[in-house]
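The values are calculated or read from the model by the stated rules, or taken from the named source; none is laboratory data. Source: prediction; values computed, not measured. Note that we place each Cβ from the backbone using ideal geometry, even for glycine, and neighbour counts take in every protein chain shown.
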Amino acid sequence: MENVHDIYAEIAELRAELAHCILTRKERRETQQRLDQALTEAERREREAEGA
């Protein structure tokens, strides 16, 4: 269950970084990609947990 918390902590951190940090276009794009990947992973884990 700790991994679930970690993914949501990562999502929160990435959202905060996008909202409050000064980033170059490249950094913003990379951070957005990491956020998208984390959200996809969280959704996958949620579906697995519902099926288990």
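Miscellaneous remarks
- Options Ala16, Ala38; residue that is at pLDDT 95 or above, surrounded by fewer than 11 Cβ atoms within 10 Å (Cβ to Cβ), in a helix (DSSP H, G or I) and hydrophobic (A, V, I, L, M, F, W, C): Ala16
- Residue check, Glu46 exposed (fewer than 14 other Cβ atoms within 10 Å of the Cβ) and among the acidic types (Asp, Glu): yes
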